[in-house]
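Participant: The structure under discussion is supplied below as C-alpha cells; questions concerning it will follow.
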C-alpha cells in the first residue's frame, strides 16, 4: 500500500472524528439547555447574556447561536406551547443537521484528486 493511500485514510478518519465530536457537542449542549429549562434557570442565563457589553454579547451570539435563540424564545411572552414547540424544533433541527455523514462518492473522488495533485 502506498504512503499516499495511508495518508488519505488518516485524513478521512480525522474528519469523521471531528464530525462525531461536533455532534456530541451539539447533543450535550441541548441536554444542558433542557436541564437549565427544567431547573427554571433559562431566564437567568438569558438575562445575564443580555446584560453583557454589546461586543461580548455579539461574540456569545456567534458562538452559541442555537442555544441563545432557544433562550430568547423561551424567555419571550409567547404562549407556552409555541415556545416549547419552537425550542424543540431548534434542538431537533440543529442536532439532525450535525449528524456525521459520509461524503458522497463524487466529493470523495474530488478531494482525493486534490490530495494527489499536491
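The values are calculated or read from the model by the stated rules, or taken from the named source; none is laboratory data. Only a predicted model underlies this, so the values are computations on that prediction, with no experimental measurement involved. Neighbour counts are summed over all protein chains in view; Cβ atoms, including those assigned to glycine, are modelled from backbone coordinates with ideal geometry.
Participant: May I ask you to list the residues in region 76-86 that are part of a loop (DSSP other than H, G, I, E, B) and under 17 Å from residue 46 (Cα atoms)?
Facilitator: Residues satisfying the conditions are 76, 77, 78.
Participant: Which count do you get for residues in region 92-107 that are assigned to a loop (DSSP other than H, G, I, E, B) and surrounded by 12 or more Cβ atoms within 10 Å (Cβ to Cβ)?
Facilitator: 4
Participant: Among the listed residues 115, 89, which satisfies the condition of being in a helix (DSSP H, G or I) and modelled with pLDDT under 90?
Facilitator: 115
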